[in-house]
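Below: the structure, in structure tokens.
The values are calculated or read from the model by the stated rules, or taken from the named source; none is laboratory data. The shown structure was predicted, so the numbers you read here are calculated from the model rather than taken from an experiment. Here the Cβ positions follow ideal geometry from the backbone for every residue, glycine too, while neighbour counts run over all protein chains shown.
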Amino acid sequence: MKFRMKITGREYSIVVIFFLAAAFAVASTSISKAASQERVYVQLNDGNVISGEILKTKQDSVILDNAASVMTIPRNRIREISRTPARANDPKPASAASDSQASLPASRSFPESKIFCMRNSSPASIESHVEMFEDGVVQVKTPGGLGSGFIISDEGHVLTNCHVIENETQITITIFEKTKSDFNQIKFNNIKIVALNPFYDLALLKIEDKNEKPFTKCFFAKSTSWRKGEAVFAIGNPYGLNRSISQGIISDRDRYINGLIYIQTTAPINMGNSGGPLFDMKGDVIGVINMAFFRSDGIGFGIPLNYIFDFLSNVEAYSFDKDNPNSGHLYNRPPRRASFEKVTTGGWNR
């Protein structure tokens, strides 16, 4: 027996409307889902910009996926969330630039001072930049080891990593001055520790010895408009090999590691490079080399300009005082318990 159902015109209209509504709901859900996965730019209070996809928003935090990791960013650390990167010195309109061109926020300015200088120059060859600035890259040596640094002022201020001189006061700085046929080693023993910031891993030194010749200083870039894939090079003293040059590209300009953002580069970084400058192809310093993955090739990191400018612009806040253990140079460590037997039942010894 066959059953036939007769659909009237009114019922047909209702069915059509029902299916159209269902299709619209599915499309709206897809659009909403696509919008939620749209790349956004989270500008932090310290001036850094993190790009990624928002997975979830909470009342006190935002959960963001920036491809490298999923991070929870507290609301009180966020200045602004937008679909276009924040810029201060990029001449291109925000809508026409890529996500890798986020510049320093317009609300922050870093005027030049006697401690550091900035410039905005034109691209040139690595050979010409090395010829101009390699005399400004120095070797920083302590009884515990050696690292790199670079001169940033006419008065002899030297920027390096905090871990290069940490827990040390006997510091020697050596400049390798190029001559027509060789290098002259000019050693300075009277070095003043001006400021330290263990969190940023930055240290500011000053050469107190009198120097007959003017120092060769390095300049910082005025903006952070470089892109992923852009060529960079580093000058340093890996394993004591003075003024070695290594070249690479920017792998990631906003690599989030342990609460800070770093510039990731493929330029080979080794022990002794710490504290040395990372240059762009304009010959301007865009970061300070401070660490690398030694079990992997081509994974190095540099401290970006935001942290450097904050440190140098607030030197008084990070001033070193040898008589004050809270100055960042040396912290008193609490005594360690020799055994956990008294507080545990399992008898676990440290």
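Collect the residues in region 103-131 that are assigned to a helix (DSSP H, G or I) and either surrounded by 14 or more Cβ atoms within 10 Å (Cβ to Cβ) or at pLDDT below 90 (or both), keeping them in residue-number order.
Residues satisfying the conditions are Ile126, His129, Val130.
On the given criteria, is Phe233 farther than 18 Å from Cys162 by Cα, part of a strand (DSSP E or B) and among the aromatic types (Phe, Trp, Tyr)?
yes
For region 193-229, how many residues meet the condition of being buried (at least 17 other Cβ atoms within 10 Å of the Cβ) and outside any strand (DSSP E or B)?
Qualifying residue count for the region: 12.
Do we have any residue at all in region 249-260 that's surrounded by 17 or more Cβ atoms within 10 Å (Cβ to Cβ) and under 21 Å from Ala124 (Cβ atoms)?
yes
Among residues belonging to region 292-303 that are under 15 Å from Gly276 (Cβ atoms) and touching a residue at least 40 places away in the same chain (Cβ under 8 Å), point out the one that is nearest to the chain's Cα centre (by Cα).
Ile303
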